[in-house]
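The values are calculated or read from the model by the stated rules, or taken from the named source; none is laboratory data. Note that the structure is a prediction, hence the values are computed from the model and not measured. Neighbour counts are summed over all protein chains in view; Cβ atoms, including those assigned to glycine, are modelled from backbone coordinates with ideal geometry. Ligands, DNA and RNA are stripped out before the accessible areas are found, and what is left, the full protein with its side chains, is counted by its heavy atoms. Shrake-Rupley method; radii C 1.70, N 1.55, O 1.52, S 1.80 Å.
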Amino acid sequence: MSSGGDYHRLLHKSKSHIGQTNDFSPNQVRPLPTGPRKKSTGIQAWMLMNKKGEAQVVEAGKYAIMRRTGLLARDLRVLDPILSYPSTIMGREKAIVINLEHIKAIITGLEVLLLNSRDPTVMPFIEELQNRIQRFHHATIAQKGDVDGLNFSKEFSMLEDQDESLKVEEKTDVKNQDGSKVLPFEFVALEACLETVCNCLESEAITLEQEAYPTLDKLTSVLSTLNLERVRQIKSRLIEISGRVQKVKDELEHLLDDDEDMAQMYLTEKLVYSSNMNEGDDMDDESSQSNFDDRCSILSDDEGQNLENPHGNHTSSTQSYMNKNLDVKELEMLLEPYFVQIDGTLNKLSTGVRT
C-alpha cells in the first residue's frame, strides 16, 4: 500500500506533466462567502487529469463541478461516501459518473475528475490511469499532431463549464503501434476504473480463499472455540466480499442490457456532434474569451441557481442523434471481459459460501 509520501511524489514527479495544487488566482475566483445566510458549498479536493495525463489537485464546490461537467446535484450525490450509494456506472449528457468500490470519479470527453485522491488505496489507480492516458495522448499525436492546444495552467486554474469555443477534432480511427484501435478518451479512463476494481475484488477473493482452507483444516482437526471463531470471521468476510462483487456484477449487467445507457457514454462522439452544431454560431475569439472569463470569475452558492439543466441548448438534439446511432459494439466489447471476470469471482465466492 502506498504512503502519503508516494502520493506527493507522484504529483510532483514531472514539472511538465504535474501541476501544483490549489492553483487559483485571486483575480479568477471570488472568495467564497462566509456569512450565515449562505449554505456550505461542499468544498472538496478533486484531482483533475486532462487528456495529456497532466494532473492537479484543486479545491472546488459542488456547483463548480456541476458547471464544469453538466451534472445535476443528484448525480453528484452518487459519489458522496456518507450516503453509501451502491456501485454505479452512470452515463449523462456530458459525463460518466463512476462509483465503484474506492474509485469515485467523473469522466468527461476532456478530463477525469477524481475524488479521494489522497487515499493511499487509490494511488495505484491514479498511476495506472495516468499511464494509460499518456499512452492515449502519444498514440493520438503520433498520427494527428497535438490537437489539444489547451494551456495547462489556464486549464486547471479555474473550475468552469467546458467552454463551447473549445474545438473538438473530427473523429478518426487512430491506431496504436500494434495496429489496434485507440479507444476514445472516456473509454480509456473507464477501462482503467473497471480493471482496477475487478482486479482488487478478485485479489481479495483469492486471499480469502487462501486463508479459508487452512482454517477449515484446523477446525476439522481440533474443534475448539478459537477455531470456530476464526471460521466465523472468515465466513463473515466472505459474505461481505460476495455482496460487493454482486453489486459490481449487477451494475455491469444492467449496463450491457441497455443500449441507450451505453450510447450515452460515447462522450467524444457527442462532443464532435455538438461542436459541429455550434460551428455556425461561434462568436469572435475576443468576445468569446470575455464571456468565458465572466463565467469563471465567481465560484459561489449563487451558481446553484438555474442549474437543473446546465448546457441544455443542444441536449435534446444531441440525445436524438445518439438515439438514432446506437452502435455500441465498441463499448460492449470493452465491458464484457470485465463482466466475465467479476462473474467468475462471484462464482468462486459462491462456492465458498456453499462450502
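Some notes on this structure:
- Near Ser117, the amide H atoms lying under 5 Å from its own belong to Met47; only residues 5 or more places off or on other chains count, and H is placed 1.01 Å from N.
- For region 104-110, Karplus couplings with θ = phi - 60° (6.51, -1.76, 1.60), whole Hz, Gly/Pro x: 10, 9, 10, 10, 10, x, 10
- Gain on full stretching of the segment that runs from Glu127 to Asp80 - 0.36 nm per residue minus C-alpha separation: 14.6 nm
- Taking the centroid of alpha carbons for each part, region 88-105 and region 220-263 are 22 Å apart.
- Less than 5 angstrom separates the built amide H of Gly61 from those of Gln44, all sequence-distant by 5 or more or on a different chain.
- Solvent-accessible area per residue in region 85-142 equals 31 Å², computed with a 1.4 angstrom probe and all protein chains kept.
- Per-pair calculated FRET efficiency, R0 = 22 Å: Gln233 and Ser203 via Cβ, rounded to 0.05: 0.70
- Per-residue HN-Hα couplings for region 70-86 [Karplus 6.51, -1.76, 1.60; θ = phi - 60°; Hz; x = Gly/Pro]: x, 7, 9, 4, 5, 5, 5, 4, 4, 8, 6, x, 5, 7, 6, 5, x
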